[in-house]
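Notes to accompany the following structure.
Derivation of every value follows stated rules applied to the coordinates shown; laboratory data play no part. Small disclaimer: the values here were computed from a predicted structure and weren't measured. Cβ sites come from the backbone with ideal geometry, for glycine too, and all protein chains shown count toward neighbours.
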Amino acid sequence: MKTLYDVQQLLKKFGVFVYVGKRLWDIELMALELDHLRTSGVISNDTFIKAKLVLEREHHLEEKREQAKNNS
């Protein structure tokens, strides 16, 4: 699991489709959904950790993009 797309495909396997309209919010909602899947025991700890790391990286990058956009 290396990309946001990979995380989206994982969530899709469980019937979870996320589209709020703002990329940052989508990432945050995906993280919450992952938490629920892990709590329910339907994904492994290894898969959970990999997906969360991808989401953390993407969240950080998106925050930087928004800051750059607001500063210009």
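Points to keep in mind about this one:
- Here the chain is assigned +1 on the Cβ of each Lys and Arg and -1 on the Cβ of each Asp and Glu. Its dipole about the Cα centre then comes out at about 180 debye.
- Charge-dipole axis of segment 4-71 as Lys and Arg at +1 and Asp and Glu at -1 on Cβ define it, positive-most pick from 32, 53, 7: 7
- Candidate lysines for bridging to residue 64, where Cα separation is under 23 Å - those fewer than 8 sequence places away on the same chain excluded: 2, 22, 50, 52
- Paired Rg and Dmax values of segment 4-71, which use every Cα atom, in angstrom: 12.5, 43
- If a spin label sat at a point 7 angstrom from the Cα of residue 70 along the line to its beta carbon, the backbone N atoms of segment 10-35 nearer than 18 Å would be those of 22-28.
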